Amino acid sequence: MSLQYFYRYAIISNEVKNMSQKFLSQVEDLLPNIVAAVLILVCGFLVQRVVLKLMGRALSLKHVDATIHKFLMSMVRVVITVIVAVSALSAVKVPMSSIIAAIGTAGVAICLSLKDSLSNVAGGFIILLAKPFRVGDYVEIGKNEGTVDVISILYTKLNTIENKAVFIPNSIVTKSAVTNFTAEKKRCLELRFSISYSDDHNKAIQLVKDTLKKDKRILSSPAEPLVVVGEHGSSAI
(Lines give C-alpha, C1' and ligand atoms only; values in the text may rest on other atoms or scores of the structure.)
Protein backbone atom coordinates (compact mmCIF):
# COMPACT_ATOMS: atom_id res chain seq x y z
CA MET A 1 0.00 0.00 0.00
CA SER A 2 2.85 2.34 0.88
CA LEU A 3 4.60 1.57 -2.41
CA GLN A 4 1.41 2.40 -4.36
CA TYR A 5 1.07 5.67 -2.46
CA PHE A 6 4.71 6.54 -3.12
CA TYR A 7 4.25 5.76 -6.81
CA ARG A 8 1.21 8.06 -7.09
CA TYR A 9 3.03 10.75 -5.16
CA ALA A 10 6.00 10.45 -7.50
CA ILE A 11 3.74 10.77 -10.56
CA ILE A 12 1.98 13.84 -9.12
CA SER A 13 5.29 15.40 -8.15
CA ASN A 14 6.65 14.90 -11.65
CA GLU A 15 3.49 16.42 -13.18
CA VAL A 16 3.70 19.43 -10.89
CA LYS A 17 7.39 19.80 -11.67
CA ASN A 18 6.75 19.59 -15.40
CA MET A 19 3.93 22.13 -15.18
CA SER A 20 6.11 24.47 -13.13
CA GLN A 21 8.96 24.18 -15.59
CA LYS A 22 6.60 24.76 -18.50
CA PHE A 23 5.09 27.80 -16.78
CA LEU A 24 8.51 29.24 -15.94
CA SER A 25 9.62 28.64 -19.51
CA GLN A 26 6.57 30.48 -20.83
CA VAL A 27 7.17 33.32 -18.38
CA GLU A 28 10.79 33.56 -19.50
CA ASP A 29 9.67 33.65 -23.13
CA LEU A 30 7.05 36.30 -22.39
CA LEU A 31 9.18 38.36 -20.00
CA PRO A 32 10.59 40.66 -22.71
CA ASN A 33 7.06 41.13 -24.07
CA ILE A 34 5.69 41.85 -20.59
CA VAL A 35 8.45 44.41 -20.00
CA ALA A 36 7.65 45.97 -23.38
CA ALA A 37 3.94 46.11 -22.51
CA VAL A 38 4.68 47.80 -19.17
CA LEU A 39 6.92 50.33 -20.89
CA ILE A 40 4.19 51.00 -23.48
CA LEU A 41 1.65 51.59 -20.69
CA VAL A 42 3.95 53.90 -18.72
CA CYS A 43 5.10 55.88 -21.77
CA GLY A 44 1.58 55.95 -23.22
CA PHE A 45 0.02 57.45 -20.13
CA LEU A 46 2.88 59.94 -19.76
CA VAL A 47 2.27 61.01 -23.36
CA GLN A 48 -1.47 61.21 -22.62
CA ARG A 49 -0.80 63.48 -19.66
CA VAL A 50 1.43 65.81 -21.70
CA VAL A 51 -0.99 65.90 -24.67
CA LEU A 52 -3.97 66.68 -22.43
CA LYS A 53 -2.03 69.41 -20.63
CA LEU A 54 -0.95 71.08 -23.89
CA MET A 55 -4.41 70.67 -25.38
CA GLY A 56 -6.03 72.20 -22.30
CA ARG A 57 -3.76 75.25 -22.53
CA ALA A 58 -4.43 75.65 -26.26
CA LEU A 59 -8.20 75.44 -25.80
CA SER A 60 -8.06 77.93 -22.92
CA LEU A 61 -6.05 80.40 -25.02
CA LYS A 62 -8.60 80.05 -27.83
CA HIS A 63 -11.40 80.71 -25.31
CA VAL A 64 -13.22 77.56 -26.41
CA ASP A 65 -16.60 77.02 -24.78
CA ALA A 66 -16.29 75.12 -21.49
CA THR A 67 -18.64 72.36 -22.65
CA ILE A 68 -16.66 71.73 -25.85
CA HIS A 69 -13.42 71.97 -23.86
CA LYS A 70 -14.52 69.24 -21.45
CA PHE A 71 -15.93 67.02 -24.19
CA LEU A 72 -12.82 67.24 -26.40
CA MET A 73 -10.54 66.50 -23.46
CA SER A 74 -12.61 63.42 -22.58
CA MET A 75 -12.60 62.18 -26.18
CA VAL A 76 -8.82 62.56 -26.53
CA ARG A 77 -8.29 60.81 -23.20
CA VAL A 78 -10.44 57.85 -24.31
CA VAL A 79 -8.75 57.60 -27.74
CA ILE A 80 -5.23 57.63 -26.28
CA THR A 81 -6.22 55.10 -23.60
CA VAL A 82 -7.61 52.70 -26.21
CA ILE A 83 -4.50 53.06 -28.42
CA VAL A 84 -2.17 52.44 -25.46
CA ALA A 85 -4.18 49.45 -24.23
CA VAL A 86 -4.31 47.84 -27.69
CA SER A 87 -0.56 48.41 -28.17
CA ALA A 88 0.22 46.83 -24.78
CA LEU A 89 -1.95 43.79 -25.52
CA SER A 90 -0.31 43.43 -28.91
CA ALA A 91 3.12 43.47 -27.24
CA VAL A 92 2.26 40.38 -25.15
CA LYS A 93 1.10 38.54 -28.27
CA VAL A 94 -2.61 38.71 -27.51
CA PRO A 95 -4.50 37.93 -30.77
CA MET A 96 -5.70 41.38 -31.83
CA SER A 97 -8.04 40.29 -34.62
CA SER A 98 -10.65 39.01 -32.16
CA ILE A 99 -10.24 42.05 -29.89
CA ILE A 100 -10.60 44.49 -32.80
CA ALA A 101 -13.63 42.57 -34.05
CA ALA A 102 -15.19 42.71 -30.58
CA ILE A 103 -14.48 46.44 -30.29
CA GLY A 104 -15.97 47.02 -33.75
CA THR A 105 -19.09 45.01 -32.94
CA ALA A 106 -19.51 46.78 -29.61
CA GLY A 107 -19.01 50.14 -31.34
CA VAL A 108 -21.70 49.42 -33.92
CA ALA A 109 -24.11 48.24 -31.21
CA ILE A 110 -23.44 51.32 -29.09
CA CYS A 111 -23.87 53.66 -32.07
CA LEU A 112 -27.21 52.07 -32.97
CA SER A 113 -28.50 52.17 -29.40
CA LEU A 114 -27.31 55.76 -28.89
CA LYS A 115 -28.33 57.05 -32.32
CA ASP A 116 -30.59 59.78 -30.95
CA SER A 117 -28.07 60.79 -28.28
CA LEU A 118 -25.28 60.99 -30.86
CA SER A 119 -27.55 63.14 -33.01
CA ASN A 120 -28.02 65.45 -30.03
CA VAL A 121 -24.25 65.54 -29.45
CA ALA A 122 -23.69 66.50 -33.10
CA GLY A 123 -26.36 69.19 -32.73
CA GLY A 124 -24.67 70.44 -29.56
CA PHE A 125 -21.38 70.84 -31.40
CA ILE A 126 -23.10 72.74 -34.20
CA ILE A 127 -24.73 75.10 -31.68
CA LEU A 128 -21.55 75.63 -29.66
CA LEU A 129 -19.42 76.23 -32.77
CA ALA A 130 -21.89 78.24 -34.89
CA LYS A 131 -23.22 80.11 -31.83
CA PRO A 132 -26.66 81.14 -33.12
CA PHE A 133 -27.36 82.13 -29.51
CA ARG A 134 -25.57 82.35 -26.16
CA VAL A 135 -26.57 81.86 -22.54
CA GLY A 136 -28.71 84.86 -21.55
CA ASP A 137 -30.12 85.51 -25.04
CA TYR A 138 -33.87 85.67 -25.51
CA VAL A 139 -34.77 83.33 -28.35
CA GLU A 140 -37.60 81.57 -30.10
CA ILE A 141 -36.91 77.95 -31.10
CA GLY A 142 -39.80 76.45 -33.03
CA LYS A 143 -42.84 77.05 -30.82
CA ASN A 144 -40.77 77.60 -27.66
CA GLU A 145 -39.72 81.05 -26.51
CA GLY A 146 -37.59 82.09 -23.56
CA THR A 147 -34.18 83.03 -22.18
CA VAL A 148 -31.34 80.59 -22.84
CA ASP A 149 -30.23 79.20 -19.48
CA VAL A 150 -28.08 76.18 -20.42
CA ILE A 151 -26.40 75.00 -23.63
CA SER A 152 -25.13 71.47 -23.10
CA ILE A 153 -23.90 68.78 -25.47
CA LEU A 154 -27.28 67.00 -25.38
CA TYR A 155 -29.91 69.71 -24.87
CA THR A 156 -30.67 73.42 -24.65
CA LYS A 157 -32.63 74.77 -21.70
CA LEU A 158 -34.92 77.80 -21.96
CA ASN A 159 -36.59 79.71 -19.14
CA THR A 160 -39.95 81.08 -20.29
CA ILE A 161 -41.60 84.31 -19.17
CA GLU A 162 -43.84 82.16 -16.94
CA ASN A 163 -40.61 80.84 -15.30
CA LYS A 164 -41.02 77.39 -16.82
CA ALA A 165 -37.96 75.35 -17.77
CA VAL A 166 -38.09 73.98 -21.33
CA PHE A 167 -35.53 71.33 -22.31
CA ILE A 168 -35.08 71.00 -26.09
CA PRO A 169 -32.91 68.21 -27.57
CA ASN A 170 -30.14 69.74 -29.67
CA SER A 171 -31.10 67.63 -32.69
CA ILE A 172 -34.46 69.45 -32.68
CA VAL A 173 -32.81 72.85 -32.15
CA THR A 174 -30.62 72.44 -35.25
CA LYS A 175 -33.65 71.44 -37.33
CA SER A 176 -35.83 74.34 -36.14
CA ALA A 177 -36.00 77.98 -37.13
CA VAL A 178 -34.23 79.99 -34.42
CA THR A 179 -35.06 83.65 -33.79
CA ASN A 180 -32.58 85.48 -31.56
CA PHE A 181 -34.12 88.66 -30.18
CA THR A 182 -30.91 89.62 -28.34
CA ALA A 183 -28.39 89.17 -31.14
CA GLU A 184 -28.53 92.82 -32.28
CA LYS A 185 -28.12 95.85 -30.04
CA LYS A 186 -31.01 97.64 -31.73
CA ARG A 187 -34.37 96.08 -32.46
CA CYS A 188 -37.72 97.22 -33.77
CA LEU A 189 -40.57 96.40 -31.41
CA GLU A 190 -44.21 96.33 -32.44
CA LEU A 191 -46.84 96.87 -29.74
CA ARG A 192 -50.59 96.59 -30.27
CA PHE A 193 -53.29 97.84 -27.93
CA SER A 194 -56.96 98.75 -28.26
CA ILE A 195 -59.15 101.71 -27.40
CA SER A 196 -62.90 101.97 -27.61
CA TYR A 197 -64.75 103.79 -30.37
CA SER A 198 -65.94 106.36 -27.84
CA ASP A 199 -62.32 107.45 -27.19
CA ASP A 200 -60.55 110.09 -29.26
CA HIS A 201 -58.06 108.04 -31.29
CA ASN A 202 -56.07 111.13 -32.36
CA LYS A 203 -55.59 112.07 -28.72
CA ALA A 204 -54.55 108.48 -27.97
CA ILE A 205 -51.98 108.56 -30.79
CA GLN A 206 -50.51 111.83 -29.52
CA LEU A 207 -50.37 110.48 -25.96
CA VAL A 208 -48.41 107.42 -27.12
CA LYS A 209 -46.00 109.61 -29.13
CA ASP A 210 -45.37 111.87 -26.14
CA THR A 211 -44.74 108.86 -23.90
CA LEU A 212 -42.25 107.40 -26.38
CA LYS A 213 -40.35 110.69 -26.62
CA LYS A 214 -39.89 110.77 -22.84
CA ASP A 215 -38.43 107.25 -22.77
CA LYS A 216 -34.64 107.34 -23.28
CA ARG A 217 -34.65 103.75 -24.51
CA ILE A 218 -36.62 104.76 -27.61
CA LEU A 219 -34.34 105.80 -30.49
CA SER A 220 -35.17 108.44 -33.08
CA SER A 221 -32.66 106.98 -35.56
CA PRO A 222 -32.79 105.37 -38.09
CA ALA A 223 -36.51 106.32 -37.92
CA GLU A 224 -38.93 108.03 -35.57
CA PRO A 225 -41.45 105.80 -33.76
CA LEU A 226 -44.54 105.25 -35.88
CA VAL A 227 -47.95 105.30 -34.20
CA VAL A 228 -50.92 104.53 -36.45
CA VAL A 229 -54.37 103.01 -36.37
CA GLY A 230 -53.87 99.41 -37.42
CA GLU A 231 -57.36 97.97 -37.49
CA HIS A 232 -61.00 98.80 -36.79
CA GLY A 233 -62.38 95.87 -34.86
CA SER A 234 -65.96 95.02 -34.01
CA SER A 235 -65.79 96.71 -30.61
CA ALA A 236 -62.46 98.55 -30.49
CA ILE A 237 -59.86 100.38 -32.53
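The values are calculated or read from the model by the stated rules, or taken from the named source; none is laboratory data. Not measured: the values here are computed from a predicted model. We place every Cβ from the backbone using ideal geometry, glycine too, and count neighbours over all the protein chains shown.
Could you give every pair whose Cβ atoms fall below 8 Å, whose first residue belongs to segment 213-237 and is without any contact (Cβ under 8 Å) to a residue 40 or more places away in the chain and in a loop (DSSP other than H, G, I, E, B), and whose second residue is loosely packed, with under 10 Cβ neighbours inside 10 Å and of a type outside the set (S, T, N, Q), counting only separations of at least 6 or pairs across chains? As it stands, the answer is Leu219/Lys186; Gly230/Arg192, since those pairs meet every condition given.
Criterion first (modelled with pLDDT under 75, surrounded by fewer than 15 Cβ atoms within 10 Å (Cβ to Cβ) and more than 30 Å from Ile127 (Cα to Cα)) does Ile34 satisfy it? If you could, list the steps in order and put the result at the bottom.
Working: modelled with pLDDT under 75: no; surrounded by fewer than 15 Cβ atoms within 10 Å (Cβ to Cβ): yes; more than 30 Å from Ile127 (Cα to Cα): yes.
No; evaluated as a whole, the condition is false for this residue.
The residues on offer are Ala204, Ala183, and the sole one that is surrounded by 12 or more Cβ atoms within 10 Å (Cβ to Cβ) and over 47 Å from the mean Cα position of the chain (by Cα) is Ala204. Take segment 42-96 and flag every residue that is under 25 Å from Val135 (Cα atoms), within 16 Å of the chain's Cα centre (by Cα) and not in a loop (DSSP other than H, G, I, E, B). Within segment 42-96, Leu59, Ala66, Thr67, Ile68, His69, Lys70, Phe71, Leu72, Met73, Ser74, Met75 meet the criteria.
Looking at the structure I just gave you, is Ile218 touching a helix residue (DSSP H, G or I) at 6+ places or on another chain (Cβ under 7 Å) and either exposed (fewer than 13 other Cβ atoms within 10 Å of the Cβ) or acidic (Asp, Glu) (or both)? Talk me through it step by step, then tell me what you get.
Working: touching a helix residue (DSSP H, G or I) at 6+ places or on another chain (Cβ under 7 Å): yes; either exposed (fewer than 13 other Cβ atoms within 10 Å of the Cβ) or acidic (Asp, Glu) (or both): yes.
Answer is yes for this residue.
Just one of the numbered conditions (1) at pLDDT below 75; (2) within 30 Å of Asp149 (Cβ to Cβ); (3) not β-branched (Val, Ile, Thr) is not true of Lys17: (2). Just so you know, in segment 161-180 the residues that are in contact (Cβ under 8 Å) with a residue 24 or more places away in the chain and β-branched (Val, Ile, Thr) include one that is surrounded by the most Cβ atoms within 10 Å (Cβ to Cβ), and it is Val173. Could you tell me whether any residue of segment 23-30 is modelled with pLDDT of 75 or more and either polar (S, T, N, Q) or farther than 30 Å from Ala130 by Cβ (or both)? Checked against the condition, which is being modelled with pLDDT of 75 or more and either polar (S, T, N, Q) or farther than 30 Å from Ala130 by Cβ (or both), segment 23-30 yields no hits at all.
When restricted to residues that are farther than 30 Å from Val135 by Cα, among the hydrophobic types (A, V, I, L, M, F, W, C) and touching a residue at least 24 places away in the same chain (Cβ under 8 Å), segment 182-203 contains 1. Scanning segment 114-160 for residues that are in a helix (DSSP H, G or I) and either in contact (Cβ under 8 Å) with a residue 40 or more places away in the chain or surrounded by 18 or more Cβ atoms within 10 Å (Cβ to Cβ) (or both) yields Asp116, Ser119, Asn120, Val121, Ala122, Gly123, Gly124, Phe125, Ile126, Ile127, Leu128, Leu129. For segment 198-208, the criterion of being within 30 Å of Lys62 (Cβ to Cβ), among the β-branched types (Val, Ile, Thr) and not in a loop (DSSP other than H, G, I, E, B) is met by none of the residues.
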